[in-house]
Structures are given as C-alpha cells and as structure tokens.
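The values are calculated or read from the model by the stated rules, or taken from the named source; none is laboratory data. This one's a predicted model, so the numbers in the text were calculated from it and none came from an experiment. Counting neighbours? That spans all protein chains shown, and the Cβs are built from the backbone with ideal geometry, glycine included.
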Amino acid sequence: MTESDMNLENWWQPFTNVRGFRANPRLIERAEGCFLYTADGRDVLDITAGLWCANLGHSRKEVADAVHKQLMDMDFCPPFQFGSPVTFRFAEKLVEYAPKGLNRVFFTNSGSESVETAMKIAHRYQLARGKASKTRFISRERGYHGINIGGTSLQGIPNNRKGFPTLDNVDFLPDLLDIPNNAFSRGLPENGVDKLDALEKIIATRGAENICALIIEPIVGAGGMVPPPKGYLERARQVCDDNDILLIFDEVVTGYGRTGSAFAAVEFGVTPDLMTTAKAINGGTVPMGGVFIKEEIQQTIFDAAPTGMPEIFHGNTYAGSPVAAAAGLAAFEIYEREGLLTRASGPIGQYWEDALHSLRDIPHIIDIRNYGLLGAITFAPNAAKYPTGVGVPVHNKCFENGLLCRAVADNMVMSPPLTISEAEIDLFIERLRQSIADVLG
Ligand SMILES: Cc1ncc(COP(=O)(O)O)c(C=O)c1O
C-alpha cells in the first residue's frame with residue numbers, strides 16, 4: 001500500500017493539523033539509530049529523539065528481545081493487590097539514579113498521568129498531615145504539563161489551555177524566556193532569577209497555608225527549550241522550604257540523561273519533593289511513566305490511611321506493566337553500558353553546543369539556547385508572513401530535506417538521541433542550514 005491509496009480518515013492524530021496531514025501525509029515506516037525512514041524510502045535524521053523519548057536511539061535489539069521474552073513469560077500482571085518481580089526490580093534500578101531521598105516510584109503510562117498522580121499525591125500528603133487548606137498549585141507561563149484536566153490547568157501554553165475546562169486553583173510564575181537580556185547564552189543564562197519575586201508575591205497574596213505545591217520543568221521543554229537562569233532552581237527550593245510548600249519537578253523531558261546527569265535535579269543539585277517522568281524511562285519503547293516520591297511523603301500518607309485499605313485510591317490498569325518494566329531494565333543496561341545518562345556532559349555536549357551556536361551568523365536567528373543535549377533556536381517573528389510562527393514552514397522544509405526538528409511558534413527545538421555522533425550533528429547543521437535558507441533566503 002502506498003501513501004496515495006492509504007486510508008487516512010480513521011485515526012485522529014494528537015496535536016496534528018489533520019486536514020493538512022491528509023493533503024500532505026508524512027508516513028514514517030522504520031527507525032534505526034538516529035534515523036527514521038519514510039514510506040517512500042527517504043532517510044530523516046531524528047533530531048528530536050521521536051518526541052524527546054528515544055534517548056537510546058531507535059529500535060534497539062536488546063530492548064525488543066526483552067519485550068518479546070516478557071510477553072511470552074507473562075504479558076500482564078494486575079497491579080492492584082498483586083505485583084510482578086520485574087516491576088519491583090525496575091523500581092529499584094530507577095531509585096539508584098534518582099535524586100537522594102526520592103526512593104519511592106509510582107508507575108503510570110505517560111507524562112500526563114505522572115503529572116496528575118503527582119498532583120493527587122501532593123494533595124493527599126497535605127491532607128494526611130492536617131493541612132487541608134493547602135490546595136492551590138503554582139505553575140509557570142510557557143510550562144507544559146500534559147493534557148489531562150490537572151495538567152491542562154497547569155498549562156502555561158495558551159493554546160493547550162483555552163477552550164477546555166480547567167481548575168481554578170492555579171497561579172502562574174512569569175515566563176523565563178528573555179531574549180533581550182539572555183540572547184545566545186550557552187548553558188544557563190545569567191539573567192532572570194528575579195522572576196521568582198513573583199513566587200513570593202503569590203504566596204503573600206494567597207497565603208502559604210493555602211498552597212500545596214509549585215510545579216515547574218527544571219528546563220522548559222515543549223514550550224521552546226528554555227534553561228533556567230543561574231540560581232533560579234536553588235531559590236525556588238528555598239522559597240518552598242521557607243513556606244512549607246512542596247516542590248515538584250516535571251522531568252518528563254529532562255529525565256534520563258538529557259541534561260548530562262540522570263535527572264536535572266541531580267545535574268543542578270536541587271532536590272524536589274516529587275518528580276514526574278515518562279518518555280525515556282524505557283527509551284520511549286513501551287508507554288510508561290513514573291513519579292518519584294520522597295519516602296517521608298509516602299510514610300505520612302501511609303500513617304494516615306486506615307489499616308487494611310489501599311493507602312491511595314489511585315492508579316491505572318497498566319501501571320507498572322511487566323512488559324514496560326522489562327523494556328526499562330533492558331534500556332538501563334544500555335544506558336549504563338554506553339554511559340548515556342552522563343554522555344551529554346562530556347565532549348559530545350560541547351560539540352553540540354558549538355555546532356548549534358555556529359548558526360549564529362544566520363541573520364533571521366535572534367537567539368540560540370542549549371543545555372546538555374537540548375537545543376533551540378528562535379527566529380525573528382514575521383507575523384505578517386507566518387502568522388503561526390516561523391518555525392512551522394522551516395519544520396516542513398526540514399522534513400523534506402531529511403531532518404526531523406520540532407517547531408514551537410518562532411522556535412525550533414532539538415533533543416537528539418543521546419547516542420548521536422559528531423558526524424550526525426554535522427549532518428543536522430547542514431540540513432537545518434539548508435532548510436532555513438530554502439524558506440527564509
Ligand atoms: C514536561 C512535560 N510534562 C508532561 C508531558 C506529558 O507527557 P505525555 O505526552 O507522555 O502525556 C510532557 C510531554 O511532552 C512534557 O514535556
């Protein structure tokens with residue numbers, strides 16, 4: 001079957017201009033290493049690791065073999081009142097790499113479910129210790145926290161929020177992207193820690209006794225890849241401590257080696273109380289997420305729960321799926337053997353940074369940002385010609401030219417597989433440069 005005779009009507013794809021897709025379908029049939037292969041046989045360099053998830057590169061045989069074996073040994077084990085050994089082993093493995101003290105893992109199937117789970121656990125913890133009025137959340141403009149109603153309410157990206165019913169207990173910190181003051185920063189930018197003054201103002205207005213948790217991505221991902229200013233995360237931790245507010249890091253993007261450490265919390269030496277993850281937890285192979293929780297939070301909830309009852313009435317059918325966990329254990333064997341969880345902090349991270357910043361001579365580019373194996377460029381806006389942002393036409397041209405990049409309004413964001421080579425980074429720069437020239441001249 002070819003693209004022209006395939007029925008494209010029945011699958012309503014997420015976050016997709018479906019009408020545009022039907023007119024110009026992009027079908028990807030095969031993936032290996034850092035490359036995708038289209039149905040018509042073209043290679044496409046995947047500079048987004050799928051959707052920030054294929055951190056091991058694509059189609060790793062050991063993960064496939066582990067999944068196959070697990071499916072044959074035991075395809076499913078009910079996680080309510082039962083447990084599979086492989087899932088306990090995987091939780092133990094994850095905790096080896098987690099920030100110190102976050103040694104409890106609640107499995108989910110996605111980043112969105114991890115966010116909802118963290119919100120519910122945070123709320124339940126406040127109740128369990130007699131702080132029932134602590135129900136409010138603080139999020140941040142430009143933040144992305146998934147698509148369920150809790151996460152939609154925390155959304156700092158307007159299109160993902162407007163037109164949906166949302167909770168009314170959320171306040172927002174200001175956006176961190178500050179091109180006039182931080183353009184072309186390498187790594188963490190210098191300016192902007194004062195944007196946290198807003199946190200203290202919100203606390204003063206709402207009252208600390210009414211605030212449950214602050215949730216932030218340590219590095220903004222889907223909103224355009226924005227690293228925090230120096231000192232920002234440390235100060236956020238301090239203000240939360242001073243006001244008895246939980247700090248939740250949403251590490252769905254930054255987890256599993258993206259920053260040069262296993263987690264951004266480890267990289268920056270700032271320990272949250274809860275940490276949401278998903279995506280690269282098993283190399284993006286089988287849907288899975290995991291929320292890391294401080295032991296004392298779990299203990300407080302346990303102590304308040306009636307004996308003989310579940311300590312929390314929450315969880316999914318597929319939570320901790322043995323197949324997803326087997327994929328995770330196999331993924332971690334590769335992460336460990338190939339040193340991928342810290343690779344971004346070594347020479348390849350420097351090569352990536354230099355390669356990205358080599359694009360600075362392109363006159364349409366007004367900012368370049370990077371951290372670990374994350375990157376972003378921002379184009380000068382041109383609303384008259386490109387009302388939905390300059391990124392979209394460049395993204396489309398990139399795909400034609402054999403490059404999968406991600407457009408966010410006037411930004412292009414990048415998060416290659418952690419296995420990427422110098423030669424592949426060179427190819428990325430070549431194809432991106434060409435695509436920008438094709439679109440913008
Ligand atoms: C920071 C963050 N949180 C949550 C999510 C939601 O994850 P999922 O798409 O797996 O539901 C994402 C997805 O990109 C994310 O980037």
Hey, can you tell me all the residues within region 351-397 that are of a type in the set (Ser, Thr, Tyr) and more than 22 Å from the chain's Cα centre (by Cα)? 351, 358, 386, 388
Region 262-274, residues that are under 20 Å from residue 104 (Cβ atoms) and in contact (Cβ under 8 Å) with a residue 60 or more places away in the chain: 262, 263, 265, 266, 271, 272, 273, 274
Scan of region 301-323 for residues that are without any contact (Cβ under 8 Å) to a residue 60 or more places away in the chain and not in a loop (DSSP other than H, G, I, E, B), ordered by number: 302
Among the residues of region 335-350, which ones are closer than 14 Å to residue 97 by Cβ and more than 19 Å from the chain's Cα centre (by Cα)? 336, 339
Residue that is surrounded by the fewest Cβ atoms within 10 Å (Cβ to Cβ), among those in region 93-149 that are among the acidic types (Asp, Glu) and within 15 Å of the ligand (Cβ to nearest atom): 141
Complete set of residues in region 393-441 that are of a type in the set (Gly, Ala, Ser), more than 25 Å from residue 160 (Cβ to Cβ) and surrounded by 21 or more Cβ atoms within 10 Å (Cβ to Cβ): 435
May I ask you to list the residues in region 4-34 that are modelled with pLDDT of 95 or more, of a type outside the set (Gly, Ala, Ser), more than 23 Å from residue 392 (Cβ to Cβ) and not in a loop (DSSP other than H, G, I, E, B)? 29, 30, 32
Pair list, Cβ < 6 Å and 6+ apart or interchain, from region 128-151 residues that are closer than 16 Å to residue 108 by Cα to residues that are within 16 Å of the ligand (Cβ to nearest atom) and among the polar types (S, T, N, Q): 146/112; 147/112; 148/112; 151/112
Suppose we filter region 184-198 for residues that are more than 23 Å from the chain's Cα centre (by Cα) and not polar (S, T, N, Q); how many remain? 4
Residue 380 vs. criteria at pLDDT 95 or above, out of contact with any Cys (no Cβ under 8 Å at 6 or more places or on another chain), among the hydrophobic types (A, V, I, L, M, F, W, C) and buried (at least 18 other Cβ atoms within 10 Å of the Cβ): no
Please go through region 71-91 and give me each residue that is farther than 25 Å from residue 308 by Cβ and either surrounded by 12 or more Cβ atoms within 10 Å (Cβ to Cβ) or not assigned by TED's automatic domain parsing to the domain that holds residue 313 (or both), ordered by number. 71, 73, 74, 76, 86, 89, 90
Are there any pairs with C-beta distances below 7 angstrom linking a residue in region 193-222 that is in the same structural domain as residue 240 (by TED's automatic domain parsing) to a residue that is assigned to a helix (DSSP H, G or I) and among the aromatic types (Phe, Trp, Tyr), with the two at least 6 apart or on different chains, and if so which? 193/232; 196/232; 218/268; 221/52
